[in-house]
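**Q** Sharing a structure below in C-alpha cells format, with a few things to ask.
The values are calculated or read from the model by the stated rules, or taken from the named source; none is laboratory data. Keep in mind it's a predicted model, so treat the numbers as computed, not measured. Cβ placement follows ideal geometry from the backbone for every residue including glycine, while neighbour counts extend to all protein chains displayed. Quick note on the areas: whole protein, heavy atoms, side chains included, nothing else; ligands and nucleic acids left out. Shrake-Rupley method; radii C 1.70, N 1.55, O 1.52, S 1.80 Å.
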Amino acid sequence: MNTANKAPDFAKLRQDFPMLEKSMHGKPLIYLDSAATAQKPQVVIDTITDFYTNHYGTVHRAVYELSVYATQAYQETRQKIAEFFNAAKSHEIIFTRGTTESINMIAYSFGKAFIHPGDEVLITEMEHHSNIVPWQLLCEDRQAVLKVVPMNDRGEISLDDFAKHLSDKTKIVAVAHVANSLGTVNPIKEIAALAHRAGAKLLVDGAQSAPHMPVDVQDLDADFYVCSGHKIFGPTGIGILYGKEALLETMPPYQGGGDMIESVTFPKTTYNVLPIKFEAGTPMIAEVIALGAAIDYVKAIGLDHIERWEHELLIHATEALETIDGLRIIGTAAKKSGIISFVIEGIHPLDIGTMLDLHGVAIRTGHHCAQPTMRHFGVSATARASFAFYNNKNDIDCFLSALQKVVKVLR
C-alpha cells in the first residue's frame, strides 16, 4: 500500500473542502456524517467541471481526440484503483454505481454460476441491508439457505462461532469490513482463512473501510471487495468492485448491452474480455475520472495517517460522550473505526438529530439500514456521529456542547 511518509497538516487539508466553510441555520457547519457520504475536496469538483467543460466525450467507441482523451483518463483511473487496493491486475477492477450494485452484481452473477439448491450463503448479524437483501433474493431464487453469524453485545463476531456456521455447503461468505451502524472492524484476514478452508469464497463490504484505512485485497485474500466512490471523497453514482480474475472469468455478465459484447448474432452472443464484460452501456465517465482525482488526493495524504488521526478523534469523542448522563454507546468493540452510535435515555434519536441541526451539527439518525443490528440491541434507532480526516477535536467539542444543550431542552 502506497502511503505518504510525512504526517500531513490536517488543519490545512480541511481548507480543501468548500462545504466545510458553510453554515447551517446560521451556525458554522459541524459535519459528522461521513459514514453516509463524504464531502468533496476542491480538486474533485474541479475535475468534474473541467471534464464537462473542456474534454467531454464518450469512451471506447470513437477515434476522435475527445474520445481518446476520455478513454485514456477512464482507464488510468482503473489502474489507480488497482494500485490503491493492491489488486494483481487492473482488469480485476469493475466500475459499478456503488457498493449496493456491486453486491447485487456478485449475488446475481456468482449465484448463477455457483449456487445450487441446498447450498449456503453466510453473512453476519451486523450487515447493512445492502449486504443482506441481495443474498435473500439469491437464496429465494436458487433455493439456497441464508445463514447468519450472531454478534455479541459489544458488536463483535467470535471467530470460533463463525467457524461453527461454516460447512461444506457454504459457497460464499459476505461480511462488512467495518460495520456502518457500530464502527466494528472485523478480522477479515482470519475470516478469509476460515472461509477458504471450508471451500467458500469471501465478499468484503468495504464501504466503510476504503476511505479510512489501508486496504490490500491480496493480503486480505478477499475474493471480492466492494466500495463506493462517494465515501472516498469522490462523486456519487460510481462504485468499485474488485474480483479475483479467475472468478470473474467464470461468472456470466450481470447486464447485456453495448460494449460488453464481442460478437452479436441472433442465434448467439459472445462476451467481451474483462473488465468490459461487466460494464454494459455508456459508463459513468465523469464520475470515474473524478474518482481518480479523489484517489490521488487520498494517496497523497496516506491512509495510515488518516487511520491514526481518525482513531484520535474516535477516542476523544468516546470519552466526551461518556460524560453525558443516560447516554449509551451502541457498539463497543475492542477494534473500531470512526463511527459512534448512541442513544440517550428518554430522548428519541430523531429529536436529537433535529435539535442538533439547529446548532449547525450534522449527524445521522435512524436505523442506518441495519434493522437486524438495531433489534439485537433492543432499539429502533440510534444517533450516529462519524468522522473523516477533515474533522478535528474542535468539531467534537462543539458537537458535545450542542448535545448537552439539546439534552437539557428535551429532558
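**Q** Which residue fluctuates most in the GNM of the chain (Cα springs below 10 Å): 356, 66, 203?
**A** 66
**Q** I want the local charge near residue 16. Using Cβ-Cβ distances under 13 Å, sum +1 for each Lys or Arg and -1 for each Asp or Glu among the other residues.
**A** Counting the neighbours of residue 16, the net charge comes to -1.
**Q** Something else now. Show that you can apply the helix-only estimate: for the chain, add -39,500 (n - 2.57) for every DSSP H stretch of four or more residues, divide by all residues, and state [θ] at 222 nm to the nearest 500.
**A** -11500 deg cm²/dmol
**Q** Also: Taking only Cα atoms of the range 1-86, what ratio of Rg to Rh do you get with Rh as the Kirkwood inverse-distance radius?
**A** Radius of gyration over Kirkwood radius for the range 1-86 works out to 1.08.
**Q** Rounded to the nearest whole Å², what accessible area per residue is found for the range 352-411 with the 1.4 Å probe?
**A** 39
**Q** Share of antiparallel DSSP beta bridges in the chain, in percent to the nearest 5?
**A** That works out to approximately 60 percent antiparallel.
**Q** Rounded to the nearest percent, how much of the accessible area of the chain (1.4 Å probe, protein heavy atoms only) is carbon and sulfur?
**A** Looking at the chain in its full context, I get 52 percent from C and S.
**Q** Are there trypsin sites (Lys or Arg not before Pro) in the range 192-270 that DSSP marks as loop and that have at most 12 other Cβ atoms within 10 Å, and which are they?
**A** Answer in residue order: 268.
**Q** Let's see if you can work this out: charge +1 on each Lys and Arg Cβ, -1 on each Asp and Glu Cβ, no other charges. What is the dipole magnitude of the chain about its Cα centre, in debye to the nearest 20?
**A** 400
**Q** Averaging sequence separations of C-alpha pairs under 8 Å and six or more residues apart, then dividing by the length of the chain, give the relative contact order as a whole percent.
**A** 23 percent.
**Q** Accessible area per residue for the range 229-345 in Å², computed with a 1.4 Å probe and the full protein assembly in place, what is it?
**A** Per residue, the range 229-345 has an accessible area of 41 Å².
**Q** Round to the nearest 10 and report in Å² the accessible area of residue 355, as given by a 1.4 Å probe over the protein chains' heavy atoms.
**A** Per-residue accessible area (residue 355): approximately 50 Å².
**Q** Can I ask one more? Could you tell me whether the range 300-411 comes out rounded, prolate or oblate from its Cα gyration tensor? Rule is a ≥ b ≥ c as square roots of the eigenvalues, rounded for a/c under 1.5, then prolate if a/b exceeds b/c, otherwise oblate.
**A** The shape class here is oblate.
**Q** Would you list the P(r) distribution for the range 1-148, with all Cα-Cα distances sorted into 10 Å bins from 0 and each bin expressed as a whole %?
**A** Pair shares across the bins are 9, 21, 28, 26, 15, 2.
**Q** While we're here: Averaging sequence separations of C-alpha pairs under 8 Å and six or more residues apart, then dividing by the length of the range 66-162, give the relative contact order as a whole percent.
**A** It rounds to 21 percent for the range 66-162.
**Q** Go ahead and set up a Gaussian network model of the chain, Cα springs under 10 Å, then flag whichever of 284, 126, 24 fluctuates most.
**A** Evaluated over the chain, the most mobile residue of the options is 24.
**Q** Count the net charge of all other residues whose Cβ sits under 14 Å from the Cβ of residue 117, scoring Lys and Arg as +1 and Asp and Glu as -1.
**A** Summing Lys and Arg as +1 and Asp and Glu as -1 gives 0.
**Q** Filter the trypsin sites (Lys or Arg not before Pro) in the range 59-89 to those in DSSP coil with at most 14 other Cβ atoms within 10 Å of their Cβ, and list the result.
**A** Hits after loop and neighbour filter: 61, 89.
**Q** Only one of the listed values, [x] 26, 55, 18, 0; [y] 26, 51, 20, 3, 0; [z] 30, 59, 11, 0, was derived from the coordinates as P(r) over Cα pairs in 20 Å bins from 0, in percent; which label is it?
**A** For P(r) over Cα pairs in 20 Å bins from 0, in percent, the calculated option is [x].
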